[in-house]
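Have a look at the structure below before the remarks.
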Amino acid sequence: MTAKIIDGVAIAKVVKEECRNRVEILKSKGTTPGLAVVIVGEDPASKVYVRNKIHACEEVGIHSAIHEFPGTASQQEIITCVRGLNQDPAIHGILVQLPLPAGIESRRVLEGIAAEKDVDGFHLRNVGALTVGEPALPPCTPAGIVRMLEHEKIAIWGQNAVIVGASNIVGKPAALMLLQRGATVSLCNSKTQNLAQYTIMADILVVATGRPGIITGPMVKKGATVIDVGINRLSNGKLVGDVDFEGARNRATYITPVPGGVGPMTVACLVSNTVQAAERAAGI
């Protein structure tokens, strides 16, 4: 058995094309969606991520603005900027690029974003809405995972889903979204004892620990779908996920590559959330 590779780049193009059509409708009614990105410091990876997000927005016709601060900026300066963007009617989505420099409390900054403009889906109101199954702006990576499964017509209802990695950004919201779609979900982490006894039962295995190779081939159920969220750079410069790709590929039915899998979908879902926020603001 050799797994089919789920092409996140191709699916992201589909999502962005849908967004482009929605943006045209918004513009025809007098609204141009706007995204503001706040970045603090000189982290090279963060600058690359921001550049990719801005480019994706431009592709579909979303106006974007970058607010850059030096690493010495105070927490209050960042919060003041965010509060100003909350009041700007031309801005429908606000994204604070993480991580923030030491000394700045990310939660305090993120909670300063108006829930209706929180396109990352991190605000407590959006997290609470997700918990109870209400319409909300979902976290982008879990939304991208679900969209990939739906695009490939991979069954979720009645399936065993195992998530390795219990972060607030990926693991926990992904568990909620799969639960709402009828999966039986086990939420593990890198310290789970006898991890393989959980993963070998997974029809859908989502891995997001930031630990390369934590999932080996024998830990994957034959016929499973493997979603690898991890992205790690090895000492030789190679980018790899959290899953032993070749080992898992020989047992799974579907698998995501790294890079080119979940990453592009995360960006596409950020674009989709921004369009959705603009639609709500316009009453569409």
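The numbers here are math on the coordinates, done by the rules we state, and not lab data. Remember, predicted model here, so these are calculated numbers, not experimental data. Positions of Cβ are backbone-derived with ideal geometry, glycine not excepted, and every protein chain shown enters the neighbour counts.
Return the distance in nm (one decimal) between the two label points of a simple spin-label model at Lys13 and Ser74, each offset 7 Å from Cα along Cα→Cβ.
4.9 nm
Taking 37 °C and 0.692 mPa s as the conditions, I'd like the Stokes-Einstein D for the chain in µm²/s, using the Kirkwood hydrodynamic radius from alpha carbon pairs.
169 µm²/s
For a quick check: with amide H placed at 1.01 Å from N, whose amide H comes under 5 Å from Thr209's, ignoring anything fewer than 5 positions away on the same chain?
Gly230
What residue among Arg51, Arg233, Arg22 shows peak mean-square fluctuation when the chain is described by a Gaussian network model with Cα springs under 10 Å?
Per the Cα network of the chain with a 10 Å cutoff, Arg233 tops the list.
Can you pull out the GluC sites (Glu not before Pro) in region 1-104 that DSSP calls coil and that have at most 16 other Cβ atoms within 10 Å? Mind showing how you got there, number by number?
Working: sites: Glu17, Glu18, Glu24, Glu42, Glu58, Glu59, Glu68, Glu77; in loops: Glu42.
Those that pass, being in a loop and sparsely packed, are Glu42.
What net charge do the residues around Asp242 carry, taking every other residue with its C-beta under 10 Å from that of Asp242, with Lys and Arg at +1 and Asp and Glu at -1?
Values: positive: Arg211; negative: Asp228, Asp244.
Charge balance in the 10 Å sphere: -1.
Let me check I've understood the local charge: for Met201, count other residues with C-beta under 14 angstrom from its C-beta, Lys and Arg +1, Asp and Glu -1. What total comes out? Please report the intermediate quantities before stating the final value.
Numbers: positive: Lys221, Lys222, Arg251; negative: Asp203.
Taking every Cβ under 14 Å from that of Met201, the sum is +2.
Pop out the ³J(HN,Hα) list for region 253-259 in order, Karplus 6.51 cos²θ - 1.76 cosθ + 1.60 with θ = phi - 60°, rounded to Hz; leave Gly and Pro as x.
Values per residue, Gly and Pro as x: 8, 10, 8, 9, x, 9, x Hz.
What are the residues whose amide H is under 5 Å from the amide H of Ala252, where those residues sit 5 or more places off or on another chain and H is modelled from the backbone?
Under 5 Å from the amide H of Ala252 lie the amide H atoms of Ala3, Gly223, each far enough along the sequence or on another chain.
Loop-only chymotrypsin sites (Phe, Trp or Tyr not before Pro) in region 187-264, please: DSSP not H, G, I, E or B, and at most 11 other Cβ atoms within 10 Å.
Numbers: sites: Tyr198, Phe245, Tyr254; in loops: none.
Sparse-neighbourhood loop chymotrypsin sites (Phe, Trp or Tyr not before Pro): none present.
Given the pairs Lys16/Lys172; Lys13/Lys191; Lys117/Lys238; Lys27/Lys117; Lys47/Lys238, which are separated by over 29 angstrom at their Cα positions? Mind dumping the intermediate values first?
On the way: Lys16/Lys172 26 Å; Lys13/Lys191 36 Å; Lys117/Lys238 36 Å; Lys27/Lys117 19 Å; Lys47/Lys238 20 Å.
From Lys16/Lys172; Lys13/Lys191; Lys117/Lys238; Lys27/Lys117; Lys47/Lys238, over 29 Å: Lys13/Lys191; Lys117/Lys238.
Which loop GluC sites (Glu not before Pro) in region 103-189, with loop taken from DSSP, have no more than 12 other Cβ atoms within 10 angstrom of their Cβ? Working shown, then result.
On the way: sites: Glu105, Glu111, Glu116, Glu150, Glu152; in loops: Glu105, Glu152.
When the GluC sites (Glu not before Pro) of region 103-189 are filtered for loop state and at most 12 Cβ neighbours within 10 Å, Glu105 remain.
If the elastic network links every pair of Cα atoms under 10 Å, which of Asn168, Asn236, Asn250 fluctuates the most in the Gaussian network model of the chain?
Greatest mean-square fluctuation among the candidates belongs to Asn236.
So, with +1 on the Cβ of K and R and -1 on the Cβ of D and E, and no other charges, what is the size of the charge dipole of region 237-284 about its Cα centre, to the nearest 20 debye? Display every interim value, and only then the final one.
Working: 4 positive and 4 negative charges, 9 e Å.
Using Cβ point charges on Lys, Arg, Asp and Glu, region 237-284 gives about 40 debye.
Calculate the length of the line joining the C-alpha centroid of region 204-236 to that of region 107-160, in whole Å.
22 Å
Compute all pairwise cysteine Cβ distances in the chain, then list the cysteines with no distance under 4.7 Å to another cysteine.
Cys19, Cys57, Cys81, Cys188
Antiparallel versus total DSSP beta bridges in the chain: what percent is that, nearest 5? Let's see the in-between values first.
Values: 2 of 32 bridges.
Counting only bridges with both partners in the chain, antiparallel ones make up about 5 percent.
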